[in-house]
Amino acid sequence: MGRYILNRVLSGLITLFLFLTLLFFLANLLIPGDFVTSLGPMPADAAAALREELGLNRPLYQQYFDWLGSLVTLDMGESFGQGPVWETITFAMAPTLVVLTIGLMVAFVLGGWLGRNAGYRKSSFFTGSMTFIAIVCLTLFPPALAIALEQGILRNSGWSALGQMAELDIDTWATSPLSPNQVLWRIFFVFVASALFLWLTEGLVWKFTRRRMPGWIFLIAMVAVPLLIWSRMGIADQVLDVAAAMSLLIVAVVILTFGEVLLVTKASMDDVMLEDYVMVARAKGMPESQVRDHHAARTALLPVLSRFTVAIPYFLTGLVILEVAFGGGGNLDIAGVTMRFHPPVGLGSLLFESLSNQDNPLLVGALLIVGVLTLLVRIVLDVVHAALDPRIRFSGEANGD
Amino acid sequence: MATRERDVGPDGSLKTFFSNPIAVIGFGIILLFALMVVIHPLLMNTLWSGQGDIYDPVTGYDAPVLEVEVVRTVSDPVTQVDVATARISDITAGVGDVIEITVQPAPPSGTHWFGTDVFGRDVFSMILAGAWPTFMVGLSAALVSAAVAVVFSISSATFRGRVDRALSRVSDVLLLLPAPLAMIILAGGTTGEFLTPLNFGLTYGVLAGASTAAIVLRSHALATVERPFIDAARVSGAGGWYLARRHLLPHMIPLAAVTMVSSVVGAVVAHGFASWLAYSDDLTNWGAIMFVAIGFSELQGVFAWNVLIAGAGAISLFCAGFYMASLGLKDVAYRGGDQQRSTRPGWVRRLEMRT
């Protein structure tokens, strides 16, 4: 297993290097003009002086090597408008990571559970309606979903603090020792750590008692453990406030992604149910729920994981689109309904802001983080896959797909 | 082997495809949109031609005229209007006057099935006109991505070794730059001049074909190459090119069709979003319609829900049609084939299923 992980990480590093190269040349060659031209017409000598100052007049290969060298120390250079790129990006990354992790986990659990049941009960009303709902959710046009959610909820509930960081409760934060961004990072790390901890606990319980923890204990623990840690850290109020601000985005991500999980789980469940060992388990007289959850569903999970590894970049794109759709600038009063647009907070908003400003260092930095996130998630999923499926571990193929 | 080749032929596949009700509905939806492409020029030349061109998707104008009373505070929004709003239409209006105001966007009615947008243009006609650019994007993306992915996967499976490693490295790298995101950024960077619907689809096809689609097809090609009939062909003297063309390619086609259809969905959503952000020069595509509706609603003070619902609904339905058809094609690719290969152990089948 250690060898497999090592192989996978090394191969990931090579991929990363090639990706960086591709990204740099794409951003500098493909998109016409540079930051200076995006400022509008100006005298030639002023433009030349500005290029000199920003280092844009050097040969491209020299800019490339300088950039690679400075990347090693996490120095992505200066953005043209917003200070150091690395700081801007880490700031924008926190909300995106929180939304992506929580959203995908919920989508995975929900879609997996529904898909398992839909695949298990062949041709029933439940299966049909689930398939229909999944297809509808999967093909929703993300910006329209964002507007519908925002309008629908703002109109009907009077909660205005949904989906925007600008709407955080001032009283909660006035006395807080941490900034919203720091709280977001803590949310992320605590959540991931609790998930890992619970996963290990489940493994240990299985090892010593040969019993599987029921799913609902897992679910409750997944909510209770992080909450407990946050309140021990003394940031429970802030966490709830930020979570409320992010909730609309999380709901949108779940709606857009759970359908895909549902359909893939259902299809793979259909197949696994025909396997001989499922028939054997039934013939032994095992309860149906046990056959479904322990014999069929565990194997049916594998294709879902492999599907996920390929689909992660697309989920991330969906999130980026959503962020932009929820984003914008200023307040807009339309027919008595105030549509509030928060200032750019997530990676997606940052990406599009830097695109419209032709801020190449920031654009490349943001794309780079999208790529690195994808790569990381992919490696993690591959390792999980290998842990679940010995065939991959022993095939010696570092390039799991 | 001869029997197997015949079994995956078009006859059985069609039957498998149409035995899946979801696939049939999807196919129907695609046909509906194809019909829209055909019917729009026909309508423009016949039914919709003699009416002062109110149905033209770009320059048409028609807005219902309402007589309303100008009052200080509005108690009945249907027959009354406040002074500030009245002065948008008639600068001389004062309290107590009865003025005519034009309603745009107008709600759905008999003359305008989906209503009109903020400029008084017929939304139904715009939706019909948007079908063709969307097909251009979707179909060019689908064909190119399938072609690229098939070439990648067959080269990987035939040459193995270095070629395989190099090609899958290319796929791994491109996967980090998701095709929809890359296209939206490209559209923003080139501000729409380069990216006509056709170019958009072609570029998307290359990006998606070399990454996601190639990864999916590669594992299928590698599994196919391990099967006994390839060995048999090799023993009887078949060379690499012959093997690839006659034995591998027919087995790749069903799965290639599945990935083809999925890239339609990705490309159409990406194109819609790029147009939504006004990153396209096109005036008649569904994303651009919504962009105009929402962008100008700020000026007009009315939110054009009918345009948003019609545009987003058209994109979603279009994608749903192709997605549902892809489920049927998946049956052809996996289950249809499985019936003939029932002697193979389950884990081999599942390995092939790993898409």
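The values are calculated or read from the model by the stated rules, or taken from the named source; none is laboratory data. Worth saying up front: this structure is predicted, and the values here are computed from it rather than measured. So basically every Cβ, Gly included, is an ideal-geometry build from the backbone, and we count neighbours across all protein chains shown.
What's the total number of residues in the range A:170-214 that are among the polar types (S, T, N, Q), modelled with pLDDT under 80 and over 24 Å from the mean Cα position of the chain (by Cα)?
Within the range A:170-214, residues that are among the polar types (S, T, N, Q), modelled with pLDDT under 80 and over 24 Å from the mean Cα position of the chain (by Cα) number 3.
Please find, among A:V372, A:V364, the residue that is in contact with a Phe, Trp or Tyr (Cβ under 7 Å, 6 or more places away or on another chain) and modelled with pLDDT of 80 or more.
A:V364
Report, ordered by the first and then the second residue, all pairs with beta carbons closer than 7 Å, sequence separation of six or more or different chains, a first member in the range A:347-370 that is more than 12 Å from A:A92 (Cα to Cα), and a second member that is surrounded by fewer than 23 Cβ atoms within 10 Å (Cβ to Cβ) and hydroxyl-bearing (S, T, Y).
A:N357/A:S38; A:Q358/A:S38
Testing B:D281 on (1) over 20 Å from B:S145 (Cβ atoms); (2) buried (at least 16 other Cβ atoms within 10 Å of the Cβ); (3) more than 9 Å from chain A (Cβ to nearest Cβ); (4) under 20 Å from the mean Cα position of the chain (by Cα), one condition comes back false. Which one is that?
Against the list (1) over 20 Å from B:S145 (Cβ atoms); (2) buried (at least 16 other Cβ atoms within 10 Å of the Cβ); (3) more than 9 Å from chain A (Cβ to nearest Cβ); (4) under 20 Å from the mean Cα position of the chain (by Cα), B:D281 comes up short only on (2).
Only residues that are surrounded by 17 or more Cβ atoms within 10 Å (Cβ to Cβ) and either closer than 30 Å to A:T131 by Cβ or β-branched (V, I, T) (or both): list them for the range B:38-62, please.
B:I54
crowded, with 19+ Cβ neighbours inside 10 Å, of a type in the set (D, E, K, R), in contact with a helix residue (DSSP H, G or I) (Cβ under 8 Å, 6 or more places away or on another chain) and over 22 Å from A:T317 (Cβ atoms): is that true of B:D164 in this structure?
In short, yes.
Would you confirm, using the coordinates I've provided, whether A:A134 is under 18 Å from the mean Cα position of the chain (by Cα) and either farther than 20 Å from A:V364 by Cβ or modelled with pLDDT under 85 (or both)?
Values: under 18 Å from the mean Cα position of the chain (by Cα): no; either farther than 20 Å from A:V364 by Cβ or modelled with pLDDT under 85 (or both): yes.
Criteria not met by A:A134.
Taking the criterion of being aliphatic (A, V, I, L, M), under 16 Å from A:L355 (Cβ atoms), in a helix (DSSP H, G or I) and at pLDDT 75 or above, would at least one residue in the range A:44-64 satisfy it?
The answer is no, given that none of the residues of the range A:44-64 is aliphatic (A, V, I, L, M), under 16 Å from A:L355 (Cβ atoms), in a helix (DSSP H, G or I) and at pLDDT 75 or above.
Take the residues of the range A:347-383 that are hydrophobic (A, V, I, L, M, F, W, C) and more than 17 Å from the chain's Cα centre (by Cα): which is nearest to A:T21 (Cα to Cα)? Please lay out each step first, then the result.
Applying the first criterion (hydrophobic (A, V, I, L, M, F, W, C)) to the range A:347-383 yields A:347, A:350-352, A:355, A:362-364, A:366-370, A:372-373, A:375-377, A:379-381, A:383.
Adding the requirement that they be more than 17 Å from the chain's Cα centre (by Cα) leaves A:352, A:355, A:362-364, A:383.
Values: A:F352: 21, A:L355: 19, A:L362: 16, A:L363: 14, A:V364: 11, A:V383: 26 Å.
Here the residue is A:V364.
Here is a list of conditions, (1) crowded, with 22+ Cβ neighbours inside 10 Å; (2) at pLDDT below 75; (3) small (G, A, S), and A:A296 meets all of them except one; can you say which number that is?
(2)
For B:V68, indicate whether it is part of a strand (DSSP E or B) and either closer than 30 Å to B:A333 by Cβ or at pLDDT 75 or above (or both). Steps first, please.
Numbers: part of a strand (DSSP E or B): yes; either closer than 30 Å to B:A333 by Cβ or at pLDDT 75 or above (or both): yes.
When the stated conditions are applied, B:V68 passes them.
Between a first residue in the range B:181-197 that is in a loop (DSSP other than H, G, I, E, B) and a second residue that is modelled with pLDDT under 80 and surrounded by fewer than 21 Cβ atoms within 10 Å (Cβ to Cβ), which pairs have beta carbons less than 6 Å apart while being 6 or more apart in sequence or on different chains?
Going by the 6 Å Cβ cut-off, the qualifying pairs are B:G192/B:D281.
Return the residue satisfying two criteria in turn: it lies in the range A:198-239 and is of a type outside the set (A, V, I, L, M) and surrounded by 14 or more Cβ atoms within 10 Å (Cβ to Cβ), and of such residues it is nearest to A:L178 (Cα to Cα).
A:Q238
Would you mind telling me which numbered condition in (1) under 15 Å from the mean Cα position of the chain (by Cα); (2) within 13 Å of another protein chain (Cβ to nearest Cβ); (3) of a type outside the set (S, T, N, Q) B:L195 fails?
All conditions pass for B:L195, except number (1).
Out of B:L255, B:L317, I need the residue that is at pLDDT 80 or above, farther than 30 Å from B:T102 by Cβ, surrounded by fewer than 24 Cβ atoms within 10 Å (Cβ to Cβ) and touching a Leu at 6+ places or on another chain (Cβ under 9 Å). Which one?
B:L317
Can you tell me how many residues within the range A:175-222 are in a helix (DSSP H, G or I) and on the phi > 0 side of the Ramachandran plot?
0
Go through B:V137, B:V118, B:V163, B:V123 for me and flag whichever is of a type in the set (A, V, I, L, M) and out of contact with any Phe, Trp or Tyr (no Cβ under 8 Å at 6 or more places or on another chain). Working first, answer last.
On the way: B:V137 fails: out of contact with any Phe, Trp or Tyr (no Cβ under 8 Å at 6 or more places or on another chain); B:V118 fails: out of contact with any Phe, Trp or Tyr (no Cβ under 8 Å at 6 or more places or on another chain); B:V123 fails: out of contact with any Phe, Trp or Tyr (no Cβ under 8 Å at 6 or more places or on another chain).
Among B:V137, B:V118, B:V163, B:V123, only B:V163 is of a type in the set (A, V, I, L, M) and out of contact with any Phe, Trp or Tyr (no Cβ under 8 Å at 6 or more places or on another chain).
So that you can scan it fast, the table gives a plain yes or no per residue for (1) of a type in the set (D, E, K, R); (2) within 26 Å of B:L32 (Cβ to Cβ):
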| position | (1), (2) |
| --- | --- |
| B:E226 | yes, no |
| B:L248 | no, no |
| B:T259 | no, yes |
| B:V265 | no, yes |
| B:Y279 | no, no |
| B:A310 | no, yes |
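Identify all residues within the range A:314-336 that are facing another protein chain (nearest Cβ under 7 Å) and at pLDDT below 75; write none if there are none. Quick ask: steps written out before the conclusion?
To start, the set of residues in the range A:314-336 that are facing another protein chain (nearest Cβ under 7 Å) comprises A:314, A:316-317, A:320-321, A:332, A:334-335.
Passing the criteria: A:L332, A:I334, A:A335.
Restrict the check to the range A:265-287 and report whether at least one residue is buried (at least 21 other Cβ atoms within 10 Å of the Cβ), of a type in the set (S, T, N, Q), assigned to a helix (DSSP H, G or I) and at pLDDT 75 or above.
Checking the range A:265-287: at least one residue is buried (at least 21 other Cβ atoms within 10 Å of the Cβ), of a type in the set (S, T, N, Q), assigned to a helix (DSSP H, G or I) and at pLDDT 75 or above.
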